[in-house]
Amino acid sequence: MRDRISALLFMSLGIFFLVGALRMPRVTEYGKYGAPGIVPAFFSIMVILLCFIMLVRKHESTSDTRSVPDEIRRKENRKLILASVMFLVYVFLLGKINFLILTSVFLSATSMVFLRKRFVLIALTSVGTTLGIYYLFSRVFLLPLP
Amino acid sequence: MTTLKVFFQSMGSILTNPVFLFHLSWSTLLGIVVGILPGLTATLGVAILTTLTFGFPPDIAIPMLLCVYVGAIYGGSRTAIVLNIPGTPANAATTVDGFPLARSGMAGFALNVATIMSGIGSIMGAIFIVSLAPALGAVALRFGSWEFALLAIFGTIIAGSLTAPKDPLKGWIAGFLGLMIAMIGLDEIVSFPRYTFGNIQLYGGISLLPVLVGVYGIPEILTSLKRVTKAEVVLDFSTRGKKLSYLQTIKKNALNLVRSGLIGVFIGVIPGVGEDVAAWVAYDAAKRMSKEPEKFGQGSIEGLTAAETANNACVAGAIIPVLTLAVPGSAPAAVLLAAMWIHGIKAGPLLSIEHPEMIGYVAAAFTIATILMVLFGLIVTRLFLKILLVPTEILMPIIFVLCVVGTYVLNGRLFDVWVMLLFGLLGYFMRLNDFPAAPFVLGFILGPMADTNIRRALMLTNGNVSSFFTRPISLALIIAITLVVLSKYLPKRRGGRA
């Protein structure tokens, strides 16, 4: 089932790229073979074709990685969603809040949420790491930080 | 001969430059740490360091990346031996005999043997970079648009086949997805904006680094953070057991060393296979040829030697096609290729013209990376194993911040960070469904090469595709592609009938 869902998803992406390729100019100053859509069309057709084979084949070759109990799976999913949300919020706030403050808070919060112990140590590690990253990028390598 | 001269000159210039040595030392240590930490791979290590080396000139950045690569593949053997957890996939074969050796009270001996054998494997690989790469480069200079176009497709397909052995179809889908997504941005022939939707940020295409970091880094971080049950780390460096001479061990395993080194290099040269396959093949060969095959799996020095020699020799092998054909031999080599492009070094057939000194320089840097790896391996890695005591929950958010910052500094725009997150999501979905990331990245790297050369070849022949079949190298590549595809399905069909 999971293979079919992936095949359908990637096939849709392939169709999207194929439609885009077909809407590109067919003739250029280098003739019709210099047209920008030729190669994207070829690659997207290959993706569609391979996904079609995956969709219609009988066997499901995906290894059963989901043989974990439901309770653990639910916990894993909760942690996954939590991590994703925290990452998104961090990236969203980048550039809006001072890098040193935002990163220190983000590192402390993420580590505390997932580890749930050693709060003082985590806070100190987070501030130290943030200062280290800041110093390394902006002072040693002279690169801009958000 | 010129390459050899450059090799020795480069060795001299790097070894006498304290700044270079400092940077190479910490890069090697970083590589070892990345290797030691289960979950973090050499690929991720090279990707993260690429973000750190923007401000560096290529003549220092490339050796640093090599140091991380070499260090990480080696570093994985530490946890493989001490904890029975391969630090990187390349060290999976090391666990088979390394851990039993450690359990029998020979952890220290096994760690040092692995260090020495990895060093010898790497040096063998460096010899092949100097000797084989220029010859392969000379052949590559005969390539025209037809060959380049097919080479890009061949590289992607073979990477797909080899990184998804259970289901090559998924590997090929991933590869063609990479090739397809590489089409975003202005095309290189008529500068037509493809799939940009008027977004000015997409006109230059999607940068390689956000894709790399996203596809490799984010899935790793998410997978580590979501894990509910974690193994407890107990470090034991007991030194009891019989004392064995290292020199005697090398002498006794001389043939095994040479065979495993050669297997490692040649498997490395094949695009997309990588160090893990090299280690297993060498391990299998050593077991077959051994006078004491029954000891394999019980703590055989021969088995440990084969695995560790081959995986490090494979690193050099994987670099050879990167330099000469712009086709990476392994996933970390794909990132290395990307990093070289980011640093303005266009690896591939034209490298010997644009940067004639590069092959010798890379071989020299590789040798120095090996020397540093052995030195650190023998002196400080036991101390570095303590890093395993740092909880994943603290480490992974830090790695995430490094991924974000590294991606941001590429162009100084948050757009790249969002692109990284998007590809991270895609990478996670792919990992969840057993689609390998290596062919995707390879396809993304080789996409522009395929695009330009397919169209150029068609323009040259006015649409006549027969040239693809009449040029010898081109025909050989077509046959190779066909064989790779057929070899994955014909035996299955026969098996199915039986």
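The values are calculated or read from the model by the stated rules, or taken from the named source; none is laboratory data. Computed from a prediction, not measured in an experiment: that's the story for all the values here. When we count neighbours, we look across all protein chains shown, and the Cβ atoms used for this are built from the backbone with ideal geometry, even at glycine. All accessible areas refer to the heavy atoms of the entire protein, side chains included, with ligands and DNA or RNA removed. Shrake-Rupley method; radii C 1.70, N 1.55, O 1.52, S 1.80 Å.
Here are the numbers for this structure:
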quantity	calculated
Peptide-level mean, for A:85-91, of C-beta atoms on other protein chains within 10 Å	4
Amide proton proximity set for B:R194, modelled H, under 5 Å, gap of 5+	B:G185, B:L186, B:D187
Qualifying aspartates and glutamates (Cα of each under 15 Å from Cα of A:K79; at least 8 residues distant if same chain)	A:D70, A:E71, B:E220, B:E393
Highest average packing first - A:103-114, B:143-154, Cβ atoms within 10 Å	B:143-154, A:103-114
Shielding by partners - mean other protein chain Cβ count within 10 Å, residues of B:403-413	5
Between segment B:255-287 and segment B:135-204, the alpha-carbon center distance in angstrom	27
Filtered trypsin sites (Lys or Arg not before Pro), segment A:100-143: DSSP coil and at most 12 other beta carbons within 10 Å	A:R116, A:K117
Under the Karplus curve 6.51 cos²θ - 1.76 cosθ + 1.60, θ = phi - 60°, whole-Hz ³J(HN,Hα) for segment B:174-180, x wherever Gly or Pro sits	4, x, 6, 4, x, 4, 5
Karplus (6.51, -1.76, 1.60) ³J(HN,Hα), θ = phi - 60°, over segment B:66-76, in Hz, Gly and Pro reported as x	4, 4, 5, 4, 4, x, 5, 5, 6, x, x
Inter-centroid distance (Cα atoms) of segment B:295-367 relative to segment B:376-446, Å	20
C-alpha long axis of helix B:2-15 to longest principal axis of chain B, angle in °	60
J(HN,Hα) series, segment A:34-48, from Karplus relation 6.51 cos²θ - 1.76 cosθ + 1.60, nearest Hz, glycine and proline x	x, 4, x, x, 4, 6, x, 5, 4, 5, 5, 5, 4, 4, 4
For chain B, radius of gyration divided by Kirkwood radius, i.e. Rg to Rh on alpha-carbons	0.97
Highest average packing first - B:211-217, A:3-9, Cβ atoms within 10 Å	B:211-217, A:3-9
Calculated FRET value between B:V390 and B:E294, using beta carbons and R₀ = 60 Å, to 0.05	0.95
Inter-label distance, nm, simple model (7 Å from Cα along the C-beta direction), B:V258/A:Y134	5.9
Within segment B:142-167, backbone nitrogen closer than 20 Å to the virtual label 7 Å beyond the Cα of B:I353 toward Cβ	B:142-152
Relative packing of peptides B:359-366, B:318-325 - highest average C-beta neighbours within 10 Å first	B:318-325, B:359-366
Cα centroid separation - segment B:23-66 against segment A:85-142, whole Å	22
Two-site label geometry, A:F119 and B:D284: point separation in nm, points 7 Å out along Cα→Cβ	5.5
Residue-normalised accessible area of the protein assembly as shown, expressed per residue, 1.4 Å probe, Å²	40
Other-chain or far-sequence residues with amide H under 5 Å of A:L143's (modelled H)	A:S138
Greater than 22 Å apart at Cα, pairs in B:K251/B:K287; A:K75/A:K117; B:K252/B:K295; B:K170/B:K287; A:K117/B:K226	B:K170/B:K287
Neighbouring partner chain Cβ atoms per residue of B:183-190, average, 10 Å criterion	5
Prolate/oblate/rounded call for segment B:168-221, Cα gyration tensor, a/c under 1.5 rounded	oblate
